[in-house]
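See structure below.
The values are calculated or read from the model by the stated rules, or taken from the named source; none is laboratory data. What you see is a predicted model, and the numbers here were worked out from it, not measured in a lab. Cβ placement follows ideal geometry from the backbone for every residue including glycine, while neighbour counts extend to all protein chains displayed.
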Amino acid sequence: MSVRSGWGALVGLVGLWILVKCNVVDNELDKLQFEAAFQGRCDRSNPCEQLCYELHDGMYECDCKEGFILREDGYSCYEINSTASPPSLEELKYNSVEDILYQKDAVIDIVELFPSNTTDTNKIYKLENAAINAINATTPSTNKLNYTTQGPRLEQKRTSESLAVSKLTTPIRAVANARLTASSTVKPCPLDCGPGGGCSLENAEEVPMCLCPLGRGGERCEIEKEIQSPRFTGSSWLAFPALRGAYKHVQLSLELRPEAYDGLFFLTGERDDMAGDFMALLLHQGFVEFRFDCGSGVGVVRSEETVLLNQWNHITLYRHRWDAWLQLNNGKHVQGRSKGLFSRITFREPLFIGGPGNTTGLTEKLPVSNGMKGCIRHLEVNDHVYKFALEPKGEATKGYGIEECTADRCSHVPCQHGGKCLTSDNSAICLCPLGFSGDLCEIRVDLQVPSFNGSSHLRYRGLAESALTWLDLDVTFKPTSPDGLLIYNGHRIDGSGDFIALYLEDAYIIFTYNLGTGAVSVKTQHKVSIGEWHQLRISRTGRLAILSVDNQLPVEVLSPGAFTQLSLPQNMYLGGVPNFGIVSPLVSAKSSFVGCIQQVEINGNPVAILAEALGGANVDNCPHPCVARPCGEDGECIPEMEYFSCKCKPGYRDHLCSRGPPFFHGTNSYIHLKDISTMDAISSDHFVVNVRFKITSQTGLLLCAFGGGSFLSLGLEDGALVLRFSIKEGEEEIKVVHNSSTVHDRLWHRVKAVRTGSIGLLLVDNGAAITRQSVDLSKQRTFNPKDEGLYIGGMPQTALQSLTKYTTSIVGCVADLVINTDLHLQLITHSEIGHNISECEA
């Protein structure tokens, strides 16, 4: 039986056509509104009491002013608050399934009431109860049926007078039982997801997972969780109260970030199964579709462009009566209209967002039935902006399977210079293109020695056929994390087939490769030290691969099978990969490298790490002397572990390209730095010095800093390393002594000295930190402004004895000086600010 067939009528009154329709003006008042269409025009002869609107196809309709509703005659108006008799409810029953059962001589196709996918027991028993109500409505009170409905599984209590109901409800129950029996064969889901939660096996792997009610989260819905920007899984939804005051006009603005090209994300209508009036927004094959039915046929408006997957899209919708306009992003405005003469939509049901409620009545009207997969962060209907949280913090009445959308964090991270925003569980970061760094990719970087932070990579042409039979690979690197992928090159984009992978795992170096007959790995015998430079070499010939790192004994492995050749047509990645989906599952590394890589050599040919890169992301400079460009414009800085050499351009002599580090001779031999950056660093309350040195003298000043009234010196006193400092000019001197290590043995050592307020710390060669300190009152000094700055290797002899405890400077080399973790001071032999220094011998 048609939804409108009970109301559509042909009235032959002087050629007047009248179609009557029941509508709700306001859900709160729950009044009845009629819609009637008349043949003719809105001239003086029209019967409309208040308002008249011309329709299409030579028709017009009457309407009422605010505060009035249309009577059943289709042209007169009834004031909502008046004492006049309202329209008769008996004359105007709604065309829902329950109402059909009340109609005299109604014929119902039970199978049509329950489409093949219906297993909702609540709706089945609701319909059965409606059938009983229908019988009671036309039965004398002495013969009315007695029944109870305490739940969907409780059998109806029947009397001998209920044969009529049995004839009606038996086929309903039979169809329902058949459906429920068929659905019982579905694989059970074993998880206990708590009150309101549901166990789901709908993911591709059929791994059981909990879909939680709105306001709950966790693996078993065990924690409270407030949703700000919802993410929908395809099986989830949010419900809001029914739309009010929207039966004629709807203006909608929405932002969504879809992860799939199909899904229903906005749905509301007249009935709980969405048969009858409805309004829906959905994605179908990537296009946005608006579908609506005012009661006499479905209208469809479809965007001309497709949505952008995994990006935020803006949708604007405007509907007035049967006409609708739709725009996706900044695309073309498209428009359409619903069928027939009815122009109002009744909204009784909740507004479903992200996914549908029950859509059994829309099976043939919508091209998709599942919910959307993705995020929604803004929804505005008729100037009302919705809050997605559960009442009372938000406006959602219910919800299911909702997650927090981490992608929305990117709306607050405006990456610059082409940077892309990525999200993790708790944050959002910018993935910067080559040549830029910073939180927002706002800093232009002159890359010299690349540094990788775990989200970085560089991309090169693949080894292709150059590694068919043999491959020699040399890499110089400094890790700052014990795990991470250094190099990867594969045969196919999905990670299958041949590949090579070089990576760290718990500070061991592992080389894994596959020639087509199975992967094999070779692993170093010992761990590599973190924060130090290392050199590794891989030599592969046919099935045999040999791995050597620093001075460790080489280790080797033989690939299984008979294949001996390696084909690697895909891009080669250094320092990480943009997506681990391209990495073979046979590689155990699941994170990218963190640290520095300064040299890569393939089959004896050095790779210009930056110049030959086809692309990359999040690559910054490593703390290294080459970053300061010590070779000037006429030379190229070649990193050599902690140091460097200069390669001069043609036409320039070698002596114009200096080498380092400097050697200090003990008397009037020093470097003096007094630039703004250095002075700001040494004047700060928190002052950190990290320096490498190689000395032979047991006594001497290694470095000294004066600035802002504070003082700090680092030197050797009878073989012990001593840190001295004072906070303010004229105050007592604090001393920290480190005498558990021998550092004047002509070997390279690293020392870290820290001054934080009145606390001092010494750390030598990554050993135990020394913080024991004492106060020396024997000398309180006054500084001359000309003496301010940082002295390295010593001081002028005239100032040495008057300002420090030392009588001589060191004899030896100093290199790789870093202040406050980010100021890298370049120490070179030909420095104009140095005095009596020469080049340090290896």
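Is it the case, given these coordinates, that residue 468 is in contact with a Lys or Arg (Cβ under 6 Å, 6 or more places away or on another chain) and either touching a residue at least 40 places away in the same chain (Cβ under 8 Å) or not β-branched (Val, Ile, Thr) (or both)?
On the way: in contact with a Lys or Arg (Cβ under 6 Å, 6 or more places away or on another chain): no; either touching a residue at least 40 places away in the same chain (Cβ under 8 Å) or not β-branched (Val, Ile, Thr) (or both): yes.
When the stated conditions are applied, residue 468 does not pass them.
Which one of 469, 517, 564 is assigned by TED's automatic domain parsing to the domain that holds residue 604, over 21 Å from residue 586 (Cβ atoms), of a type outside the set (Lys, Arg) and surrounded by fewer than 18 Cβ atoms within 10 Å (Cβ to Cβ)? Quick ask: steps written out before the conclusion?
Details: 517 fails: over 21 Å from residue 586 (Cβ atoms); 564 fails: over 21 Å from residue 586 (Cβ atoms).
Every option except 469 fails the conditions.
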(Q) So, residue 695, is that one crowded, with 22+ Cβ neighbours inside 10 Å, β-branched (Val, Ile, Thr) and within 15 Å of residue 760 (Cα to Cα) or not? (A) no
(Q) Against the definition (under 49 Å from the mean Cα position of the chain (by Cα), at pLDDT 80 or above and not in a loop (DSSP other than H, G, I, E, B)), how does residue 763 come out, yes or no? (A) yes
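Tell me which strands (runs of 3 or more DSSP E) are completely within the range 191-276 and hold 3 or more residues being under 22 Å from residue 366 (Cβ atoms), or say none if there are none.
230-233, 237-240, 249-258, 263-269
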Q | Criterion (in the same structural domain as residue 400 (by TED's automatic domain parsing) and not in a strand (DSSP E or B)) met by exactly one of 331, 299, 336 | A | 331
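Out of the residues in the range 703-749 meeting the condition of being aliphatic (A, V, I, L, M) and assigned to a loop (DSSP other than H, G, I, E, B), tell me which one is surrounded by the fewest Cβ atoms within 10 Å (Cβ to Cβ).
As a first pass, look at the range 703-749 and keep what is aliphatic (A, V, I, L, M): 703, 705, 712, 714, 716, 720-723, 727, 734, 736-737, 743, 747.
Now restrict to residues that are assigned to a loop (DSSP other than H, G, I, E, B): 727, 743, 747.
Values: 727: 17, 743: 22, 747: 11.
Across the range 703-749, the extreme among qualifying residues is 747.
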**Q.** Set 289, 270: member being farther than 11 Å from residue 356 by Cα, surrounded by fewer than 24 Cβ atoms within 10 Å (Cβ to Cβ) and in contact (Cβ under 8 Å) with a residue 12 or more places away in the chain
**A.** 289
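Residue under question is residue 492, and the condition is that it be under 28 Å from the mean Cα position of the chain (by Cα) and either under 24 Å from residue 529 (Cβ atoms) or outside the structural domain of residue 598 (by TED's automatic domain parsing) (or both); does it hold? Steps first, please.
Numbers: under 28 Å from the mean Cα position of the chain (by Cα): yes; either under 24 Å from residue 529 (Cβ atoms) or outside the structural domain of residue 598 (by TED's automatic domain parsing) (or both): no.
So residue 492 does not fit the description; no.
Hey, can you tell me all the residues within the range 422-466 that are of a type outside the set (S, T, N, Q), in contact with a Cys (Cβ under 6 Å, 6 or more places away or on another chain) and either buried (at least 18 other Cβ atoms within 10 Å of the Cβ) or on the phi > 0 side of the Ramachandran plot (or both)? Can you show your working first?
Start the filter on the range 422-466 by keeping residues that are of a type outside the set (S, T, N, Q), which leaves 422, 425, 428-436, 438-447, 449-450, 452, 454, 457-465.
This time we only want the ones that are in contact with a Cys (Cβ under 6 Å, 6 or more places away or on another chain), so: 428, 430, 432, 440-441, 449.
Across the range 422-466, the qualifying residues are 430, 432, 441, 449.
Is the range 433-441 home to any residue that is within 31 Å of the chain's Cα centre (by Cα), part of a loop (DSSP other than H, G, I, E, B), closer than 19 Å to residue 571 by Cβ and not assigned by TED's automatic domain parsing to the domain that holds residue 583? Walk me through how you get there before you give the answer.
Within the range 433-441, the first condition is being within 31 Å of the chain's Cα centre (by Cα), and the residues that meet it are 433-441.
With part of a loop (DSSP other than H, G, I, E, B) added as a condition, the list becomes 434-435, 438-441.
Still in the running and closer than 19 Å to residue 571 by Cβ: 434.
The next check asks that each one be not assigned by TED's automatic domain parsing to the domain that holds residue 583; those that pass are 434.
Checked against the condition, which is being within 31 Å of the chain's Cα centre (by Cα), part of a loop (DSSP other than H, G, I, E, B), closer than 19 Å to residue 571 by Cβ and not assigned by TED's automatic domain parsing to the domain that holds residue 583, the range 433-441 yields at least one hit.
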